[in-house]
Amino acid sequence: MEFLIITGLSGAGKTRAADVCEDLGYYCVDNLPAALLGRFAALCLATRGRYERVALVMDVRSAASCEELDAALDELRGLDCQVRVLYLEAETATLLRRYKESRRPHPLGRPGEPIRQALERERTFLAPVRDRADFIIQTDAAPLNRLKARICECVQLEDRSFAVNILSFGYKKGIPPEADLVFDVRCLPNPFYEPDLQDLTGLDGPVADYVFRNGNAQALLTKLTDLLAFLLPLYEADRRELTVAVGCTGGHHRSVAMAQALGQALEDRCRLVNVSHRDIDT
């Protein structure tokens, strides 16, 4: 079992780092009191595999002193688990700007005191924790995608959180509001006008064969696959999923066949592909 302690300066991005860890499959807890760390870890270990990876955000809010935080980490390291400490920091000017934008009080702030003084006091408080950190990340110029990549590198995990959702639909029922990209395949031959195919769907072989037999559908599939292969890395940089909607008139035949084929074509290029059909049963 692995425990990742996320700590560091207030405003350096610990909440954002916890969000990244949650996307990577960690069970995350924010602001756990240091006095409860050992007990909480024992409960997680007692579940025997339910929590394989746990990320805990602990900082000046979690302990009355650095010694208390140190003692809690020592207790955790004494258990039968892997413990790593991720420390986030930023320059004072960056932290001051972030506090000005958020207008939140500093946890060590005193009435009437400039935030700069609270920040310097916090640096001193956490200096011993920083010295024993396994990883230190400077977040001054780190957008979310770069922070995610750095955390993945630190914990040696591959980011599998990005998903591509291929959704077929019928224009009769409207364009899906969740769609990021929409492709219209009503230009392809319509199996609806073939009596033997009318009651089938694009999941049935005869319908798929009919849609793809004249060559235009295959050419369209190839171009869509190439386009998405180019676009996906660009979208992946700042989001966790992309929904690609493929539409025909009723959502039973052409869009279903194309969505299925597109999903299969992207499986080798994407980490996670989900194919669903909104209107196939309506």
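What follows is calculated from the coordinates using simple rules that are stated; it is not laboratory data. Owing to the predicted nature of the structure, the values given are computational and were not obtained by experimental measurement. Note that we place each Cβ from the backbone using ideal geometry, even for glycine, and neighbour counts take in every protein chain shown.
Computed over the chain with a Gaussian network model linking Cα atoms closer than 10 Å, the most mobile of Pro189, Pro33, Pro111 is Pro111. Between amide H atoms placed 1.01 Å from N, distances below 5 Å from Cys28 occur with Ala55, all of them 5 or more places distant or on a separate chain. Across the options Phe125, Gly247, Leu76, the greatest Cα extent toward the positive end of the charge dipole of the chain (unit charges at beta carbon of Lys, Arg, Asp, Glu) belongs to Phe125.
Placing unit charges on C-beta atoms (Lys and Arg positive, Asp and Glu negative, everything else neutral), compute the dipole magnitude of the chain about its Cα centre in debye, rounded to 20.
On the way: 35 positive and 41 negative charges, 163 e Å.
That gives the chain a dipole magnitude of about 780 debye.
Here the scattering of the stretch 163-277 is modelled by Debye summation over its C-alpha atoms, one equal scatterer each and no solvent; at q = 0.15, 0.24 Å⁻¹ the log10 of I(q)/I(0) is -0.60, -1.39. The GluC sites (Glu not before Pro) of the stretch 1-67 that meet both conditions, a loop assignment by DSSP and at most 16 other Cβ atoms within 10 Å of the site Cβ, are Glu52.
If Lys and Arg each add +1 and Asp and Glu each add -1, what is the summed charge of the other residues whose beta carbon sits under 13 Å from the beta carbon of Gln260? Walk me through the intermediate numbers first.
On the way: positive: Arg254; negative: Asp204, Asp209, Glu267.
Computed value for this residue: -2.
Quick one, can you get me the convex hull of the C-alpha atoms of the stretch 36-175 expressed as volume per residue in Å³?
Spread over its residues, the Cα hull of the stretch 36-175 gives 201 Å³ apiece.
One equal scatterer on each Cα of the stretch 1-115, no solvent, Debye formula: the resulting log10 I(q)/I(0) at q = 0.09, 0.13, 0.15, 0.17 Å⁻¹ is -0.27, -0.53, -0.69, -0.85.
What list do you get for Asp59, Asp30, Asp131 if you sort them by fewest beta carbons within 10 Å?
Listed from fewest to most nearby Cβ atoms, that is Asp131, Asp30, Asp59.
Can you count the Lys pairs in the chain with C-alpha separation below 29 Å, eight or more apart or on different chains? Please report the intermediate quantities before stating the final value.
Details: Lys14/Lys100; Lys14/Lys148; Lys100/Lys148; Lys172/Lys223; Lys173/Lys223.
The number of close lysine pairs in the chain is 5.
Put simply, the amide H of Val85, placed in the peptide plane, has neighbours under 5 Å in Ile5, Asp134, Phe135, leaving out anything fewer than 5 places away on its chain.
When you filter the trypsin sites (Lys or Arg not before Pro) in the stretch 222-279 for DSSP loop state and at most 16 other Cβ atoms inside 10 Å of their Cβ, you are left with Arg239, Arg240, Arg269, Arg271. Label-to-label distance for Leu234 and Asp70 is 5.2 nm, based on points extended 7 Å past Cα in the beta-carbon direction.
For the chain, the calculated P(r) over all alpha carbon pairs, in 10 Å bins from 0 to the bin holding the longest distance, is 6, 23, 21, 16, 15, 12, 6, 1, 0 percent.
Approximating the spin labels as points 7 Å out from Cα along Cα→Cβ, the Asp131-to-Thr249 distance works out to 7.7 nm.
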